[in-house]
Structures are given as C-alpha cells and as structure tokens.
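J.: Take this structure first; my questions come after.
The values are calculated or read from the model by the stated rules, or taken from the named source; none is laboratory data. Please read these numbers as outputs of a predicted model, since none were measured by experiment. As a convention, Cβ positions derive from the backbone with ideal geometry for all residues, glycine included, and neighbour counts pool all protein chains shown.
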Amino acid sequence: CGVFGIWGHDAAAHLSYYGLHALQHRGQEGAGIVATDGEFLKAVKGEGLVNEVFNEEKLKSAKGNAAIAHVRYTTAGGGGIDNVQPLLFRSSTGTLAIAHNGNLVNANHLKGHLERSGSIFHSTSDTEVVVHLIKKSKKPRFLEQVKEALSLLKGAFSILILSKDRMLVARDRNGLRPLSIGKLGDSWVVASETNAFDLIGAEYVRDVEPGELLIISDKGIEEDRFAAMEKRSMCAMEYIYFARPDSNIDQINIHMARKRMGKQLAKEIGHIEADVVTGVPDSSISAAIGFAEESGIPYELGLIKNRYTGRTFIQPTQELRERGVKMKLSPVVQVVKGKRVVMVDDSIVRGTTSRRIVRMLKEAGAKEVHVVISSPPLANPCFYGIDISSDEELIATGRTVDEICAEIGADTLTFLSPNGLVEAIGRPFEDETRGLCLACFTGNYPTEIFPDTVLPHEK
Ligand code: 5GP
Ligand code: SF4
Ligand code: MG
C-alpha cells in the first residue's frame with residue numbers, strides 16, 4: 001500500500017489526489033482521502049484506480065486544509081469497500097481517520113484480547129486493531145493513548161492518523177516500510193515514497209525514523225517517539241521491485257540501486273556469451289542497464305509492455321495472473337531473433353512471469369535465453385505486507401537453482417547473492433542506521449513471528 005498526508009494547505013484533498021497518483025504502483029485495489037476542516041472529517045473513497053475513484057466533485061467535498069490518503073494493495077484483509085482506507089471512526093471522544101502501510105504480525109493476538117473485552121470489528125484489516133487499542137487505552141491524554149497503542153504493535157507499519165486538529169505520523173520500530181516527510185511552502189507533507197513530493201513540487205526533508213512519532217498541527221511539527229529503534233530492517237524488496245525508480249529511500253535512489261544490482265550480477269557471473277541484454281519492463285529495466293554496462297553486452301529493447309494493464313502480480317488469483325502476463329508483454333522479434341539473449345528480471349516469485357517470457361522469447365526466435373535475476377531466490381513468505389504468500393506458491397521453496405532453471409525453461413539461470421544485494425543497495429548491516437530485511441530470501445525475520453501470525457492473503 002501507499003500513504004500520503006498533508007497539513008496546512010487549502011488544496012489538501014487535491015494535492016492528496018496527486019500524491020496518490022505518484023503512489024499508484026503501490027496498490028491498485030482501492031483509494032481514499034480523508035480531509036479535515038478543523039471541525040469535521042470527511043472521507044471519499046472507493047475501489048479501483050485513483051483516477052476512477054475520485055472526481056472534481058468528490059475532491060471538492062473533502063474540505064479543509066489537512067488530509068491523509070491511501071492506495072490499497074491486495075494484501076491485508078481481502079477485498080471490499082470496508083477495507084479501503086483511510087478508515088474513519090466516529091466516537092464521542094473524537095473522530096479519527098487512519099491509513100496504514102504494512103502488516104502487523106501480532107494483529108490476531110491483539111484482536112483476540114480486544115474481542116474478549118467487547119470490541120467489535122467492522123473490517124478484516126489489522127488497521128482497525130490500532131484504533132481499538134487507542135480507544136481502549138486507560139491513559140488520560142490522546143497522545144499517550146496513541147503511543148501506548150503503537151508500542152503494542154509488532155510487525156510493519158507506516159501509519160498516518162488524522163484527527164480534527166492534528167496529523168500523527170508513525171513508523172514501526174524496525175523501519176520495515178518506507179515513509180518520508182517533506183515541505184511544500186509552509187505545509188508539511190508525508191508520503192510512502194519521495195516521488196510523491198516531486199510530483200506536487202514539495203521538498204524532501206528526511207525519512208521518518210523507526211519508532212518515531214511525529215505530531216503535526218497548526219503549531220508546527222513535534223518530534224517524539226513511541227519506542228526505541230530496534231534492529232533496523234528496511235524491506236529489501238522495496239529497492240528490488242516495489243518502489244518507483246525515481247524515489248529515494250533513506251536517500252538511496254531506487255533506479256541507481258537497481259543498476260548496481262545489475263552490475264553486481266554481471267560481476268558475480270563473470271563471463272557470459274551473449275548478444276543482447278534485455279529487461280522485463282518496467283521494474284527490471286534499471287538492473288538490465290546495469291548488467292549491460294558492466295558486461296559490455298549491448299542493452300536492447302527486447303520486450304514491450306502494454307501500458308494499459310495493471311501489475312500482473314497484484315491480481316488476486318493465479319488464473320487472473322496468468323492471463324495478465326499474456327496481455328502485458330510482447331517480444332520485439334527483430335531484436336531477439338537468432339540471438340543469445342540475457343533476460344534480466346528483478347525477482348522470481350511463482351515463476352509465472354519468467355516461464356512465460358522465456359517461452360515468448362524462444363517463440364520469437366531467440367537462440368538461447370539466459371535468465372538473470374537481480375535478487376536471491378525467494379523461498380520464504382513475507383509477513384510484513386508484500387504479497388509473497390505461502391511456501392507452496394514460491395518456485396524457489398525446496399528447489400535448487402538448476403531445478404528452477406528447468407521449470408522456467410531457460411538455458412541458464414543466475415540469482416544475485418544476498419551479500420551482493422546488500423552491497424548493491426548500500427545498506428551494510430555493520431551500519432546500524434542502514435540495515436535491511438532480507439527475510440523472504442534468508443528466512444531470518446527481524447521481528448518475532450507468532451503462532452497465529454496470519455499472512456496478509458489469508459485474512
Ligand atoms: P512471478 O511471475 O515469478 O510469480 O513474479 C515475479 C514477477 O512479478 C517479477 O517480474 C516482478 O517484477 C513481478 N512482481 C509483481 N509484484 C511483485 C511483488 O510483490 N514482489 C515481487 N518480488 N515481484 C513482483
Ligand atoms: Fe520485504 Fe521480503 Fe522482508 Fe517482506 S520479507 S519485508 S518482502 S524483505
Ligand atoms: Mg517485473
């Protein structure tokens with residue numbers, strides 16, 4: 001998912017709409033904006049793409065000079081309008097809206113407690129748990145209630161909370177999901193990715209720190225925290241696949257990081273006999289350029305993407321995914337015919353994409369197809385909000401690289417090493433402000449995983 005927030009601008013809802021456009025790649029299932037005019041909170045939301053959900057009339061109805069907004073990804077609690085965020089809660093003690101990116105690993109555990117003490121849940125998303133925890137807190141002041149609630153959460157969250165007179169911004173203590181703050185004139189803006197700042201002409205200020213809680217109001221910004229930072233673990237998959245190339249996370253540009261992954265792969269392979277390097281649009285073009293640069297094999301446009309289909313992975317069922325892949329990519333016959341092709345992709349999850357593309361390139365006349373992947377084999381599920389679902393679906397679980405190579409029908413297959421990945425991103429573990437989560441590759445989860453931790457897609 002993606003979150004966006006703005007405080008202190010009279011076009012808050014419209015700017016949120018632009019912000020969500022920049023974050024559209026982070027979720028296509030639904031989108032919402034909640035704005036406040038200092039007295040009331042107004043929500044506009046719906047299922048579908050940002051430009052399908054909103055129109056001028058709806059944006060105008062979300063009055064006020066502060067707003068939080070969200071684009072929703074398939075994970076975390078099934079479909080349906082009830083799960084489209086920001087979630088809005090009206091109560092006698094004050095109306096609240098909340099937008100969340102990430103997945104909590106102890107949501108079920110907390111939910112059990114809350115239900116036994118009388119809470120009733122409206123949606124299946126774990127985000128609702130946060131609001132119940134705030135409302136159930138015995139602390140006297142709202143800010144302390146929020147801090148207590150946040151301190152009980154385990155797992156991944158970049159959270160925005162809007163009340164009529166404040167916007168609260170928080171990031172989990174491991175810093176799993178990205179979140180940055182910026183300024184647009186005198187207004188504060190917050191976004192999952194910095195490309196949202198570029199789009200609205202805001203200036204990047206800094207990334208939100210793990211465990212940090214920022215309180216933004218007409219009085220300005222107050223820096224506080226709800227927990228100390230713990231084992232900093234920025235999601236490596238954001239750098240590999242998820243984030244947009246023009247965004248920076250902790251001031252590391254995504255395109256440049258991907259290019260270094262491609263270069264690193266070429267170094268790790270050593271020598272490869274091939275005529276052209278091609279990337280799978282869009283997410284692996286950067287890595288393919290890096291690979292070509294380092295190996296000296298020319299980069300070519302071997303595959304074309306149809307812009308008018310969504311991200312294939314994000315479709316909920318395997319059948320839809322398979323169909324999506326076919327609609328999405330076509331080979332450029334003149335580029336690949338009779339050639340030994342290096343095909344760079346960012347990851348192999350189920351293997352659907354690679355298998356299909358190898359076949360497509362061979363049908364287009366490629367003599368050999370060498371698949372190089374700018375990440376290590378994905379053999380473990382993600383509990384933190386990226387839809388790498390269950391072991392059975394992952395082609396790398398219980399298979400050797402040779403077996404995966406045979407499965408996808410490639411001539412050779414090479415994955416980037418975990419160390420090479422860390423080096424290419426530029427977040428060495430020795431630097432405690434720079435660590436990464438690599439759990440889906442290594443199986444070492446940075447947080448506790450509970451017996452009742454539910455994978456997002458199982459909710
Ligand atoms: P597969 O087809 O092997 O199941 O998925 C890998 C392909 O899906 C890659 O081309 C990658 O760019 C794309 N992809 C889409 N969504 C995701 C995601 O959430 N995680 C990863 N690792 N790859 C994804
Ligand atoms: Fe990212 Fe993988 Fe960690 Fe999930 S398990 S947060 S996808 S690195
Ligand atoms: Mg791809």
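J.: From the list Ala396, Ala379, Ala406, Ala366, which one is farther than 22 Å from Ala287 by Cα and either within 16 Å of ligand 2 (Cβ to nearest atom) or assigned by TED's automatic domain parsing to the domain that holds Glu293 (or both)?
T.: Values: Ala396 fails: farther than 22 Å from Ala287 by Cα; Ala379 fails: farther than 22 Å from Ala287 by Cα; Ala366 fails: farther than 22 Å from Ala287 by Cα.
None of the other options fit; the residue is Ala406.
J.: Any residue that is farther than 22 Å from Gly27 by Cβ, within 16 Å of ligand 1 (Cβ to nearest atom) and at pLDDT below 90 - is there at least one of those in the stretch 360-378?
T.: There is no residue in the stretch 360-378 that is farther than 22 Å from Gly27 by Cβ, within 16 Å of ligand 1 (Cβ to nearest atom) and at pLDDT below 90.
J.: Could you please let me know if Arg72 is among the basic types (Lys, Arg), out of contact with any Leu (no Cβ under 7 Å at 6 or more places or on another chain), in the same structural domain as Ala11 (by TED's automatic domain parsing) and surrounded by 17 or more Cβ atoms within 10 Å (Cβ to Cβ)? Walk me through it before giving the result.
T.: Values: among the basic types (Lys, Arg): yes; out of contact with any Leu (no Cβ under 7 Å at 6 or more places or on another chain): yes; in the same structural domain as Ala11 (by TED's automatic domain parsing): yes; surrounded by 17 or more Cβ atoms within 10 Å (Cβ to Cβ): yes.
The answer is yes for Arg72.
J.: Separate question: Being polar (S, T, N, Q) and within 9 Å of ligand 2 (Cβ to nearest atom) is the filter here; which residues of the stretch 431-441 pass it?
T.: Residues satisfying the conditions do not exist here.
J.: State whether the residues of the stretch 371-393 include one that is of a type outside the set (Ser, Thr, Tyr), buried (at least 20 other Cβ atoms within 10 Å of the Cβ) and over 27 Å from Leu176 (Cβ atoms).
T.: yes
J.: If you don't mind, there's one more thing I want to ask. Determine which single condition Arg311 fails, assuming it passes every other condition in (1) at pLDDT 95 or above; (2) charged (D, E, K, R); (3) within 16 Å of ligand 2 (Cβ to nearest atom).
T.: Against the list (1) at pLDDT 95 or above; (2) charged (D, E, K, R); (3) within 16 Å of ligand 2 (Cβ to nearest atom), Arg311 comes up short only on (1).
J.: Using beta carbons and a limit of 8 Å, which pairs, at least six apart or on different chains, have the first residue in the stretch 1-16 and surrounded by fewer than 24 Cβ atoms within 10 Å (Cβ to Cβ) and the second one in a helix (DSSP H, G or I)?
T.: Matching pairs, first to second residue: His9/Leu15; His14/Leu59.
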